[in-house]
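As structure tokens, the structure follows; a few thoughts come after it.
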Amino acid sequence: MTYDDKVILIDLRTQKEYFKNNNKEFQTQFGTLTVEQLQSDDSHIETEKGYKYLKIKPQFIDKYNHKRRQSQIMDIKDTGYIITRCGITKDSVVAESGCGSGGFSTIVAKICKKIYSFDNREEHIDVVKENMKILDIDNIELKLKDIYTDEIDIEEKVDVFLLDLPEPHNAMKNAIKNTKKYGYIVCYCPNINQNQLLVNYLLENHNEELKIEETMEVLNIKWICKERSARPFYKDTIHSGFMTFLRKL
Ligand SMILES: C[S@@+](CC[C@H](N)C(=O)[O-])C[C@H]1O[C@@H](n2cnc3c(N)ncnc32)[C@H](O)[C@@H]1O
């Protein structure tokens, strides 16, 4: 599966978005969009009854948004912040645990050199493999490992190690061992009490090896900006997770 035969259709009356095959006509109660229309270069198409649709050929981020999901994925606002906060570039080597559905790794893989990814659930690894095909990615190396109990020895030390797990403190020894001096370990915790447990553990056990730089969250507030309205769109939840940035010493 590569998603090369997909098309995004946006109903201009309702703004509802559909992700459809472009080799099968799209039938609605308001008429039909033909295969010829779906495969054409036109961005504006309409049914024989005059109902208008926007048509978009999926780009990387559209395919990413429609990839397979097996678990809660990292929000792109957080992935984007980690990339810039840790200075991930085309030369960076990154590690993560767990892989989840590849929410973090399939974006970062497009800009970094290599990602090593460890998860203790085979079905999650299989989903990431499928998403790598959809997104044309070949630089994520997936391994079935329990990062809390298995010994992890990566062949090269990494610039950034992301821990997106329920108990990041239990993965800390493996993360410290495999991260370069002055590299980053980033812990992603949806709940602040998880984060507090983590920081207290670090202060007691790894104070000499790590500099705790900060705990923070990124807020993404969507606004309605149309006609006479210009205000935040309150319906959206804004919290996703707290991030603690640790500097390997
Ligand atoms: C919230 S998901 C990670 C989401 C991922 N960052 C993304 O953006 O898609 C947590 C993952 O950690 C994995 N996990 C939980 N405990 C683990 C352990 N002890 N060792 C390795 N992976 C573990 C789970 O199987 C799950 O895939």
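The values are calculated or read from the model by the stated rules, or taken from the named source; none is laboratory data. All of these numbers come straight from a predicted model, not from anything done at the bench. Please note: Cβ atoms are built from the backbone with ideal geometry, for glycine as well, and neighbour counts cover all protein chains shown. Surface areas here come from the heavy atoms of the whole protein model, side chains and all, with no ligands, DNA or RNA. Shrake-Rupley method; radii C 1.70, N 1.55, O 1.52, S 1.80 Å.
Label the chain by shape, choosing from rounded, prolate and oblate, from the square roots a ≥ b ≥ c of the eigenvalues of the Cα gyration tensor; if a/c is under 1.5 it is rounded, and otherwise prolate applies when a/b is larger than b/c, oblate when it is not.
Prolate.
State whether region 6-58 is rounded, prolate or oblate according to the following rule on the C-alpha gyration tensor (a ≥ b ≥ c being the square roots of its eigenvalues): a/c under 1.5 gives rounded; otherwise a/b larger than b/c gives prolate, and the remaining case gives oblate.
Rounded is the answer for region 6-58, as its axis ratio a/c remains below 1.5.
Rounded to the nearest 10 degrees, what's the angle between the helix 76-86 long axis and the longest principal axis of the chain, both from Cα atoms, 0 to 90?
The helix 76-86 is inclined about 40 degrees to the chain.
Multiply the residue separation of residue 138 and residue 72 by 0.36 nm, subtract the distance between their alpha-carbon atoms, and state the gained length in nm to one decimal.
Taking 0.36 nm per residue and subtracting the Cα distance, the gain is 21.5 nm.
Given the protein chains as shown and a 1.4 Å probe, how many square angstrom of residue 133 are accessible, to the nearest 10?
140
Once the Cα atoms of helix 122-134 and of the chain are each reduced to a long axis, what angle between those two axes, in degrees from 0 to 90 to the nearest 10, is obtained?
50
So, with +1 on the Cβ of K and R and -1 on the Cβ of D and E, and no other charges, what is the size of the charge dipole of the chain about its Cα centre, to the nearest 20 debye?
Dipole magnitude for the chain comes out near 800 debye.
Tilt of helix 192-205 relative to the longest C-alpha principal axis of the chain, in degrees (0 to 90, nearest 10)?
Once rounded, one gets 30 degrees.
If 96, 208 are ordered by their accessible area, calculated over protein heavy atoms with a 1.4 Å probe, which sequence runs from highest to lowest?
Order by accessible area, largest first: 208, 96.
Can you find, among 229, 32, 47, the residue sitting farthest towards the positive end of the charge dipole of the chain, where Lys and Arg contribute +1 and Asp and Glu -1 at Cβ?
Sorting the options by dipole projection puts first 229.
Got a sec? What order do 233, 26 fall in by accessible area at 1.4 Å, biggest, i.e. largest, first?
233, 26
What accessible surface, in Å², does a 1.4 Å probe find on residue 61, ignoring ligands, DNA and RNA and rounding to the nearest 10?
For residue 61, the solvent-accessible surface is approximately 70 Å².
Could you order the peptides 118-126, 163-171 from most to least packed, using the average number of other C-beta atoms within 10 Å per residue?
Order by mean packing, descending: 163-171, 118-126.
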